[in-house]
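Structure first, commentary second.
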Amino acid sequence: MSKLAIGEIPRVSVTSSNNGVIGTFDTENNINARHFENFISVNFFGNAFYHRKKSSVEMKVHVLTIPSHTFTKSTAIYIVTALNKIFKNQFSYGEQLSSSDLKKNDFYITLPVTAKGEIDFPFMENRIRELVAYLKVTGLTDYKLTTDEEQFLTNYRKFTGGARRINPFGWVVKMAYLKFLQVAMLLLAEQQMASFL
């Protein structure tokens, strides 16, 4: 697409920040625009994001929906976390995730199932609700750091090679925004979440 006019529709790109959104544009009447609503996007770096609102999607962004299921925020977050887990560190600008990769490779995510072998969406809802409550009770919603904490995390990143963490909700959380003790709690929550995925 050529230059787009500023508008109201979020534009999902290959960026790995801001939930994959590069801005809002007027793509409603653009015949070349691909519009989706309530979907998961996966960019060519393998980063997955959930989008509730109608969005315009660039060509190198893959769209995931599940037939006969409408995502809720919680089920989408659960699935996004599972996708980010399998795609982590596999793709780069030189080694991009393509549609043919998705078709020919065996990418599997682990999801809970019912006794009948169907995807257990209520379990996902409850698990995410429990994690949200846990983070709220433990005070993990405050991401303001002191200068000393910022320095500690700068040193920590140097020691760990600049590692990033993905929290249980599928959003990339830069370590620099978390208090030191919150980092430990978040890592614990991630380990607990990983045991259920």
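The values are calculated or read from the model by the stated rules, or taken from the named source; none is laboratory data. Because the structure is a prediction, the values reported are computed rather than measured. Positions of Cβ are backbone-derived with ideal geometry, glycine not excepted, and every protein chain shown enters the neighbour counts.
Observations, loosely collected:
- Test for GLU95: is it part of a loop (DSSP other than H, G, I, E, B), of a type outside the set (Ser, Thr, Tyr) and more than 18 Å from ILE40 (Cβ to Cβ): yes
Each row is one residue, and each column tells you yes or no for (1) hydroxyl-bearing (Ser, Thr, Tyr); (2) over 24 Å from GLU125 (Cα atoms).
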residue	(1), (2)
SER13	yes, yes
THR24	yes, yes
MET59	no, yes
ILE86	no, no
ASN89	no, yes
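- Tabulated pairs, the range 14-28, first over 13 Å from VAL42 (Cβ atoms), second surrounded by fewer than 17 Cβ atoms within 10 Å (Cβ to Cβ) and among the acidic types (Asp, Glu), C-beta under 8 angstrom, 6+ apart or interchain: THR24/GLU8; ASP26/GLU8
- Filter pass, PHE107 being at pLDDT below 85 and hydrophobic (A, V, I, L, M, F, W, C): yes
- Some residue of the range 73-95 being more than 14 Å from the chain's Cα centre (by Cα), of a type outside the set (Asp, Glu) and within 21 Å of HIS35 (Cα to Cα): no
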